[in-house]
Amino acid sequence: MILEIKNYIKISNSIDEILKNSPFKIKYIIEKSGISEPTFFRKMKEKKFNPEELLKIAEIIDPETSLLQTLEEAEKDFDNGIYFSHDDVMKISEERFLKKYGNKVV
């Protein structure tokens, strides 16, 4: 646990350099992060991004790793029997659709 905390502090303290070396423009990262531009720059200057914000930024600037981790997690879930059948997904989708649109034809 100590190692993870030290790594978080290291990343948090060097986020400005990480963003400068990113292949993405800062405007794109700000837009995708969902953080307002003034808040983003203030947090970057003060090195005050919370863990969830840093994770979101990491997923934006390294989408390949993010996708691979998501797929690995999905594979583990499937292997552990944590998944929905096609019929269950269709039923959930229908319920969401009806809740949102009622019986209207869209």
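Computed from the coordinates by the stated procedures, all read-outs in this text should not be read as laboratory data. Please read all numbers here as calculations on a predicted model, not as lab measurements. Please note: Cβ atoms are built from the backbone with ideal geometry, for glycine as well, and neighbour counts cover all protein chains shown.
What label, among (1) 1.21; (2) 1.17; (3) 1.13, belongs to Rg/Rh (Cα atoms, Kirkwood Rh) computed from the structure on display?
Identified label for the calculated read-out: (3).
Output the pairs from LYS6/LYS76; LYS56/LYS100; LYS27/LYS47 with a Cα-Cα distance over 20 Å in this structure; if there are none, say none.
With Cα atoms farther than 20 Å apart: LYS6/LYS76; LYS56/LYS100.
Under the rule of -39500 (n - 2.57) per DSSP H run of 4 or more residues, summed and divided by the residues of the chain, what mean residue ellipticity at 222 nm is obtained, to the nearest 500 deg cm²/dmol?
So the calculated ellipticity at 222 nm is -23000 deg cm²/dmol.
Please work out the FRET efficiency for the pair LYS6 and TYR83, using the Cβ-Cβ distance as r and a Förster radius of 30 Å; give the result to the nearest 0.05.
0.25
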